[in-house]
Every structure is written in structure tokens, then in C-alpha cells.
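Written below as C-alpha cells is the structure these notes are about.
The values are calculated or read from the model by the stated rules, or taken from the named source; none is laboratory data. Given the structure is predicted, the values throughout are model-derived calculations rather than measurements. A quick note on method: Cβ atoms are made from the backbone with ideal geometry, for glycine too, and the neighbour counts reach across all protein chains shown. Calculation scope for accessible area: heavy atoms of the full protein, side chains included, ligands and nucleic acids excluded. Shrake-Rupley method; radii C 1.70, N 1.55, O 1.52, S 1.80 Å.
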Amino acid sequence: MNSVPVIQPAAAACEACPAHNAANLLRLGVNVNDCDYVVALAGNPNTGKSTVFNALTGLRQHTGNWPGKTVTRAEGAYSYGQKRYKIVDLPGTYSLLSTTLDEEVARDFILFGQPDVTVVVVDATRLERNLNLVLQVLEITDRAVLGLNLMDEARRHKLQVDDRRLARDLGIPVVPMSARRGEGIPDLLRTVHEVATGATVCNPHRLQSEPAGLKRAVAQLVAQINAVYPGLPNARWVAMRLLDGDQRIIDAMQRGELGDLALRQNLEPAAQAALEPA
Amino acid sequence: MSTVMPTAEDILAGAETLRWSAGVNFHEQLVEAIYTDAARLTDRAVTRPDSPLRFDFDRTVDKLVTSRWFGFPLMLLMLATVFYITIVGANVPSALISDLLIGIIHPLLKQGSAALGVPFFIDGLLIDGMYLGSAWVVAVMLPPMMIFFPLFTLLEDFGYLPRVAFNLDAIFRKSGAHGKQALTMAMGWGCNAAGVVATRIIDSPRERLIAIITNNFALCNGRWPTQIMIATVFIGVLAPPGWGGLVSALAVVGVAVLGILITFASSFLLSRTVLKGEVSTFSLELPPYRPPRIWQTIYTSIIDRTIIVLWRAVMWALPAGALIWLAGNVNVSGLSIAEHLIQFLNPAGLVLGLNGVILLAYILAIPANEIVIPTVLMLTALSAKMAGVGAGAGVMFDAESDAQLAQLFAAGGWTLLTAVNLMLFSLLHNPCSTTIHTIYKETRSAKWTTVAALMPLLLGFVVTFVVAQLWRLVAAG
Amino acid sequence: MAQALLFILIGAGLLIGVLWAFRPGSGWYWRGKTQVEMTDRVRTEDAVKHVHLSNLRGLQPTLESLAGALQVTGNEAAAVAQSLTQFGLAELRDGQLHLQPRGVEAALHIIRVHRLWEQHLAEGTSVSDGEWHAQADRIEHQLSAQEADKLAAQMGNPLRDPHGDPIPSHAGSLRPQDGLPLSSVAVNQSYRIVHIEDEPVAIFSQIVASGLQPEMELRVLENSARRVRVWADGCEHVLAPLLAASVAVRPVEVQAQEVAQRPLSDLEPGQASRVVSISHACRGLERRRLLDLGLLPGTMVYAELRSPSGDPTAYRIRDTLIALRRTQAQWVRVE
């Protein structure tokens, strides 16, 4: 392979530098010239994701009590702490593992766009189902914030959700909120800012319950992947997708896109900037 | 590991070997592992109430709205209320807008252009054609949509609509469709284009196509006025005095019900013929009830649905208005183009129990069903050479009274058969161009757009033809 | 006037009909024409497939077996063998057909397309299993290698077809069918079905009728010269040893539990139960949907509401109310 020197975490050199992949984002249809950070908004259908999006951007996208409302991807912008943020509302999905179009859109954006922060909005009253998606997102990216939405509903159902314990277990910041009433939005803005600027560093939860056979297979592939793409942040996830025969990932490997992602992680921010087209 | 650096191809080959040698389904193991972790994390973070709640609002409402005795009556009551509010509520603003755009602004524009000495041709094309056509669409379309969509959206935000799909799924399943089609159909009663967009909630490809193709059989807001007018003038008068209103209302409801039956029949046929073998699954989540936010709902549903649909309709009505005016005013060898076309279409129209005027009106009014009636009236007056009726050649108008209408139709040679077949044809014909455009945008398929456009038209021809032949047979015998 | 119009309409109709029939590529006329050219190619391709599949079973095909497989007379089979030799696909030695490398390649392509298409029909359509084989037999002569690759990619590069037969890889290698015949395995052990031999059809259809499917986990209760009894999918299945020999299995690490099961659709509103498995007869999008909803072994499911029209029923699954139709709920096995 190539002889790129393995430099230890770029974050150490520049805490506040954007981590997003401008070239890939442009290919995905997002122009990042007019913003400092890119935030992806993911979540299950009908968790109030669009409401959060509207609350952040002031846009009025219709949000109905229907699973699966956002079919196309919406985009908005806001400023916080003298930084300009672009926020992309991804289609609501239950999972990123099946092969529906919605899931592919969401998955590709998080994997190849490498957003600075991925906010996963979850329904506090249905945490288990929602964590299914969160755990998948955390296998792809380690720059995530959990928006624990619909806390008012949870209170109404007399559910107590321990957000601190959840944050500790998941290894990412958790923001309790009720987006419909505007509660928690300022906290969310601040937390996203902290993760984007590197003030908060996540240490996300990784899957633990795989059967022995799967674990062995993943470990074996990860060793191979790390040898070819040192520093690829989501080698485990890539291994799992390859074991599922996911053609998009196979293509990305054959075309060298994965190599690009790994390379970016290993370069100095200055060199990284030079790689990206102006 | 060997000293040679592995490559991407080595990794892929390795993955392939692992997949093969494991002999188990990694996908399912992974899904299982993720949910196991999720369940463990949830158990650690969430404390549930020790005893079940004494009063669980959601469960109580669900038991009521899906109960065997109250489920269906509640649904009908809700639907009837929405329609009642829409129809009654739309009358006043509709008349106001019509008075403003057609009664006040139109004459003002005419006076203005006369004062400026604008040539007859440009004045007619722009003001009598394009302006009047789109003013008509706005006046007829806007008020009901501004009432219907917000009401519908409120029910949606509350979470009631998925329960309707739940209640009705059995009927739709039998015809190869999805319960959520009940809602896209109801949306189609407001506007077919909006109904087609609403099919996005159906996540099974086959059922979604069925819902898109059959949405046109939901009698839309632009077609209700046609039905009501024809029923009043032709069918209401057959009833004993005092009963006319009820009888004509029943006739209109009958046509709408016929539309529902045809929706089921065509869904059944589609799912067993052209769409046989397309992948099909069912999933329906019943979300928790949430208090709707009334003002925001009204605001967004007007922006989201009404304005977008109205804008598209006006964009199509502008050229249509121009065409209608031109057809009435450009003369070729002594007769206007419209009259030539009417004469040409008349034989075919008579075979179908209609006439040339109606066929031409439906061709010219493809952009919006709202302008069918004004166009029919204008063309009838034109071809019957009636003086003193309407506002001149190529200028759409509405009748002042039912008596004037009856007189006009009599002059045009209309019979009861013409009226009945017009009501049928109004239900069964190609969708308006806004809807066709929307179908194409949603399906991204020229093939399915063509099917959706031509199937109802073909059905309309067949039904009106059969009715006309039977009618004449009975009348002759 | 009316008559003239009628003539014009009829004339236009006829003209459109004729144009339609001669429409290049897919018109009736061209289709009929290519049909004649097709048959020769189809026979050649069927012949190499027959030879290769026979080789895989350890048999050496002859002209007679070829005639039987193609359902033609001996003379015609000889003519086909002749053209195989001519194209350098195979050669005839001592009355036996031997494939050349090019013949193997051609055979693998045909087998790949056939099995991919069966998998596609099983996973991506609602075509019933009885029609898979016949449709795939037609499609196998129509797809190019690129189209086959695209189809495979769409499905996540499946390794096996719905019968458990290995699908030849893009590079053109066919992994040998592995697994032990069910008739030869030990009692009281758990296995997973990897393959069910789909020929002869009479035996295959009996196995399918017994309810066994590839990927099912089973536990052997009895294995004697008289019969093979297994526990799978929540009930007992009894097979004749001859049938069991057509089922290939592999040992599994985790022992299958012998628990009584019933379909989820048996639950009345107000009842609850724990999921044991999703039947392997449920495939493709439908299966992935149920998995994504969280219907996994061990999940508690509460039946809550029944539609006033009797179907569907709403179940509370992981705190969410999900309506499932009876046909779907039947796939889900609960305690």
C-alpha cells in the first residue's frame, strides 16, 4: 500500500477543526462553502425529528403524526457561538441494515459525508426500539449526540428516564427535550457545539451481544481491514456490512472510497484542507 | 499474517470465505445482537411505574375508536362532519372570492384595457382567457381546500388516521390494497394531486402503485360542483316538489359511492393482473395520541398542501384559459375552431350518450376539473348561437339561476341521458394535468403514469357507451 | 359524417396495431423471429448445464441422458452434441460428454443466472414458490453476465438460492454443496438445514409439503431405517429415510429447544407471549420488516386491539403498537 505516516489523532493538533468530508458532501448534494460545521439529524419515524429540525432552523416543514413523513432530505442552517451550522434532516428509519432507499440515503450520508455531529432524535417513551438505530449509528460515527425527545410524553406515562446513566452507557452526550414545547433546544444547541468543536469527546458504546461465531468473523476481518486502511474509524462496522454482502460497501472498497475516508483521518488538518477542492 | 500487505480484494475474498464457512445468517444474528444491547441499556435507564396507570388515555381512546360497535359509526360521523364543515364553510368565501375576482376585478381589467386601447385580440387572450381561467380555478378550489386540508391534518396530528386505516384494512386487503389507502382516498376527495402525494405513507411498492392509480376514482373537490349542478337541474326536477334537493343530493352521493366501488374493483384487478408478483408487505404503526397544535397545523397545512396544489393548478389553468378563448374566437371559414371541433366530436359524443360540447370541454379543461362547467356553458351558448347569454365568445361564465341553466341545456339539445352520462364521465375520465404531473413525479415511471391517465378514461368510454346503448334500447322498446 | 369518422378511427386503430406488432426489438413480429433463432442457443445452453450439473453429482452424462434432460429424440441430442463440439464447448469420448473449459464457463453462467433469479423471485417479489423454477428456466438464457452481477448486487450478493443451492460466484467458481444427509446424522443433536435437493421433483415436493425449509434449525429425535423424526419450527416432522437423504444439514453450536410453539395469530387481544422464531418460509422484504420491528426470539408481544373487521390485530412490541395482518402474524412463532 502507500506509505502515509500514521500520525496520532488529528483532533490533538486542531480541536476546533471541522471533521466533515467536504468533497463527499458536495457529491451528496450539500454545499458546505457557507458553513463551518455540518450536522446530520437522524432518528426513527415519528419521533419528532422534523419538529426538532424546525425548532433549530425556524423552517416550517410539515410534521404529521404519521410514521415516515420526511421522504426527501431537508436542509437548513443556523448560527451558534459565532459558528455557522448546516443541518441536514435525514429520512426517518428504524434501522440502517435493510436495503430500502431511505435507509441507504441516511447511511451514505453518515458514512461518506462524515458530518461533524450526528444528532439522533429518539422517543423517550419507546427507548428500546429507538436505541436499535442509535447503536447502529454509533458503529459508524463517534461524533454523536442523543436527543432524548418527547420527555413530556414520558412524564405523562409516568416513565422515568435516567439520561445521565444513558449518557454514561452510550458514551455520548444525552439531551432530554420536548421539542414541541421548545424545551431542551438551547441545551441541544450547546451540546452540538461542544461536540463539533471537540470540547466534548465521545467514547461510544460498541455492540457486545453478538454470538461467538459472528464476533470471531468480525475480529478476523477487522484485522485485515486495519492492515489495509489503518485509522479507518469504523472498521468494525465495515466488517459487519461485508459479512452481510452489502454491495455499496464492496463498491466503496473497490473504488477506493473507503481508503479516502481512512486517509483523511490520518492527515494533518492543513493537508486535509488542501485535499478538499476550494 | 504474512509479510505481504493485504489488499482490498483480499479483504473481500476473506469476507466471502467467512460468510460461506459460517453457514449462518449473519444479518439476523446482528439484528438480534443490536436489539439485545438496546434492551439491556433501556432496562438500566428507564424506570417504569410499579403498577399500571389507573387511567391510560391512549388505551381508552383506542378501545373506543376500534370497538366493534363504535368504530365504524365514529369514523362515518367524523368523515361526515369534515365534509359538512367543508361544503358549508366553503360556500361563503367561495362566493366572496368569485365576486371579487370575476365580478369586480374582471370588469375593471376590461375597462382598463379598453381605456388604454389594447387590441381586442390581446385583451381577450390575456383577460378573458388566461385571467378568467385561473380566477375560476382559485375561486372554486381555494376555499374548500383551505378548510378540508387543515381539518384532515388535525385528525392526522392527533393520531386518529392510522386507526382508520386499522379499521378498514380488511376491506382493502381483500382487494389487494393497503388500509392506508382509505386515507389517500379521503385526501383525494379534497384533491387528487394531494391524494397522490399522500400515498407516500404506504411503504409497500405494490400497494402504493395501486393507491396512486386508483386515486382518480375519488371524486375530487373540482368535480363536486359539476355533480351538484347537473343533479340539481336534471335529476332534482324529476322528484316530487319539495324532494328535489334530497334526490339530487342522493344522486351525487351515489356517484361518489360508485367511485369507491370502482376503486375496490380496479384495485382488485390491478393487484391480480399487471401488478401481480410485485413485492408486497404490510406495516402499520399506531402512534401514541398527541394533542394537535391547532395554529401551527393550520399554517403548515395551508402552506404544504393548499398553496402548492393551487400553484400547480393555476400554472396549468393559464394556458388552458388562453386555449379556450382562442378556440372560441379564431374563425376558420366562417366558424370558430371550437365549433369545428364540436361538429367533429359530436358523432363520437352522441355514441357515448354525451355530445361534442362535453368532449371538447373535457379536452380543453384537462388542466383543472374546476373549469369544466364554465367551459361547457360557454361552448353550449356558442354552438347554439344563443344571444344574450354569457359574456361573449370564448369567455367562460356561470349561470345566474337553475332556470337559465335548464334553458341553456335545452337549447344545446341535452337530455336526461346526457346528464346522467356527464355525471358518470365526470367521475370516470383522465385525471387533471396537475394530478398526472404529480403521478409522474411520485412514480418516476412513464408506464405507470400512462396507465393511471388512460385506464379511467377507457373505463369512462366503456361505461358511458354501455349506459347510452341500454338507455336507448329501453327508450325505444 | 359519422361514417367517415368511424372509418378514420378504424384505419388509425389498424395502423397503430401494425406499428405495434413490428415495433423494433420487442414487437410480436420480431419476438416470433428471434424465437426461432433462440431455440438452438437455448438447447446448447441447456445441454452444457445438464453436463455440468451431472458432473457435480458425480455422474458422467451420455447422449441418452442428454436426450432425457432436453426432452428430445436421440438424433436431436446427437445434433446438439455435435454443435457443442463445434463451438468447442464439449467433446464426446466413448459415448460420454466431457465439458471443455469454455463449456464449464458457459454452464456456470447459466446456473448463476438461474439460481440468482430464483433467489430474486423468492426475496423480491410475491411470486409463489411453485413458479420459481419455470421462470428461472426462461430467464437463464436472457441475462448477460453484467445484468447478473447487477441483480446479485441488489440482493446483497446471496450465496445460496432459496433451495439452499450455492450460487456460482461472479468470478465463475461454484462452491461444492456441503453438509451431511439428514439420514446419516446422530440422534439428539441440533442441525441447520443447508440444502434441499430439488430433483427429482416428486421427492422435493414431498419434503416441501412436510414444512421443512432451508435455514431451519432442527433437532433429531429418531433416526432409524424406518423413519427419521425431527423437531423443527415448533412441531414434529416425520420423513422416510429416502426423503431425509435429500436434505443436507450442518451441526449448529447452540442447541435448538424443544418448546411447543404456536403462531402469533393465535393470541387473542389481552394475551401476551414470547417470540420463539420467525418461520423461514417468510422471506425477503417481509422478513426484514418483521426483524426491524423487533420481533426477535425472546421478545414479549402483547396482543392489544383487534380491528372491528376482524383483521389486522395490533400488537405491542417493544413499547410500540404495530398492526399485523393475520397472514403476517402466522409467520411469527410464539411460546
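Residues that are within 11 Å of chain B (Cβ to nearest Cβ) and aromatic (Phe, Trp, Tyr) number at least 1 in none of the helices (runs of 4 or more DSSP H) confined to segment A:145-220.
Annotation: of all residues in segment A:112-158 being in contact (Cβ under 8 Å) with a residue 60 or more places away in the chain and of a type in the set (Ser, Thr, Tyr), the one that is nearest to A:Met177 (Cα to Cα) is A:Thr118. Within this structure, B:Ala320 passes the test of being open to solvent by less than 10 Å² (accessible area, probe 1.4 Å) and part of a helix (DSSP H, G or I). Out of C:Val208, C:Val220, one residue alone is more than 24 Å from C:Ala148 (Cα to Cα), open to solvent by 30 Å² or more (accessible area, probe 1.4 Å) and β-branched (Val, Ile, Thr). It is C:Val208. Taking segment B:111-214 and the helices (runs of 4 or more DSSP H) fully enclosed by it, the elements with 3 or more residues that are within 27 Å of B:Gly259 (Cβ to Cβ) and open to solvent by less than 10 Å² (accessible area, probe 1.4 Å) are at B:132-158, B:161-174, B:181-190, B:192-198, B:205-214. Across segment A:88-112, the qualifying residues are those that are part of a helix (DSSP H, G or I) and not acidic (Asp, Glu), and the one among them that is farthest from the chain's Cα centre (by Cα) is A:Leu101.
When the residues of segment C:295-323 are filtered to those that are closer than 22 Å to C:His280 by Cβ and among the hydroxyl-bearing types (Ser, Thr, Tyr), which remaining residue is nearest to the other protein chains (Cβ to nearest Cβ)? Within segment C:295-323, the match that is nearest to the other protein chains (Cβ to nearest Cβ) is C:Thr299.
Residues in segment B:36-82 that are outside any loop (DSSP other than H, G, I, E, B) and farther than 28 Å from C:Gly310 by Cα: B:Thr36, B:Asp37, B:Ala38, B:Ala39, B:Arg40, B:Leu41, B:Thr42, B:Asp43, B:Arg44, B:Ala45, B:Val46, B:Thr47.
Considering only residues in segment B:40-72 that are more than 13 Å from A:Leu207 (Cβ to Cβ) and within 7 Å of chain A (Cβ to nearest Cβ), the one that is nearest to the chain's Cα centre (by Cα) turns out to be B:Leu53.
Would you confirm whether any residue within segment C:165-174 is surrounded by fewer than 21 Cβ atoms within 10 Å (Cβ to Cβ) and among the aliphatic types (A, V, I, L, M)? Yes; the residues of segment C:165-174 include at least one that is surrounded by fewer than 21 Cβ atoms within 10 Å (Cβ to Cβ) and among the aliphatic types (A, V, I, L, M).
Residues that are surrounded by 15 or more Cβ atoms within 10 Å (Cβ to Cβ) and among the β-branched types (Val, Ile, Thr) number at least 2 in the following helices (runs of 4 or more DSSP H) confined to segment B:388-477: B:416-427, B:433-443, B:446-476.
Residue-by-condition table, conditions (1) open to solvent by 40 Å² or more (accessible area, probe 1.4 Å); (2) over 30 Å from B:Pro288 (Cα atoms); (3) among the charged types (D, E, K, R):
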| residue | (1), (2), (3) |
| --- | --- |
| C:Val238 | yes, yes, no |
| C:Arg250 | yes, yes, yes |
| C:Gly294 | no, no, no |
| C:Gly310 | no, no, no |
| C:Trp331 | yes, no, no |
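For every residue, the table says whether it meets (1) open to solvent by less than 40 Å² (accessible area, probe 1.4 Å); (2) closer than 21 Å to C:Val51 by Cβ.
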position	(1), (2)
C:Ser83	yes, yes
C:Gly88	yes, yes
C:Asp94	no, yes
C:Gln100	no, yes
C:Ala107	yes, yes
C:Arg112	yes, yes
C:Ala122	yes, no
C:Gly130	no, no
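Taking segment A:109-128 as the range and being acidic (Asp, Glu) and open to solvent by 10 Å² or more (accessible area, probe 1.4 Å) as the test, only A:Glu128 passes. Looking at C:Arg41, is it out of contact with any strand residue (DSSP E or B) (no Cβ under 9 Å at 6 or more places or on another chain) and either open to solvent by 30 Å² or more (accessible area, probe 1.4 Å) or touching a residue at least 12 places away in the same chain (Cβ under 8 Å) (or both)? So C:Arg41 passes the test. The residues in segment B:114-156 that are among the aromatic types (Phe, Trp, Tyr) and in contact with a Leu (Cβ under 7 Å, 6 or more places away or on another chain) can be counted, and the count is 1.
Scanning segment A:221-243 for residues that are crowded, with 20+ Cβ neighbours inside 10 Å and either of a type in the set (S, T, N, Q) or within 14 Å of chain C (Cβ to nearest Cβ) (or both) yields A:Gln224, A:Asn234, A:Met240, A:Arg241, A:Leu242, A:Leu243. Reported count of residues in segment B:348-364, each being part of a helix (DSSP H, G or I), open to solvent by less than 10 Å² (accessible area, probe 1.4 Å) and not hydrophobic (A, V, I, L, M, F, W, C), is 2.
Give the residues of segment A:185-214 that are of a type in the set (Lys, Arg) and within 14 Å of A:Glu139 (Cβ to Cβ), sorted by residue number. Once the filter is applied, which keeps residues that are of a type in the set (Lys, Arg) and within 14 Å of A:Glu139 (Cβ to Cβ), segment A:185-214 yields only A:Arg206. Restricting C:Ala225, C:Ala244, C:Ala272 to residues that are in contact with a helix residue (DSSP H, G or I) (Cβ under 9 Å, 6 or more places away or on another chain), surrounded by 13 or more Cβ atoms within 10 Å (Cβ to Cβ) and not hydroxyl-bearing (Ser, Thr, Tyr) narrows the list to C:Ala244. Could you tell me whether B:Val376 is open to solvent by less than 10 Å² (accessible area, probe 1.4 Å) and not in a helix (DSSP H, G or I)? When the stated conditions are applied, B:Val376 does not pass them. Summed over segment B:288-345, residues that are more than 11 Å from chain A (Cβ to nearest Cβ) and farther than 30 Å from B:Arg59 by Cα total 39.
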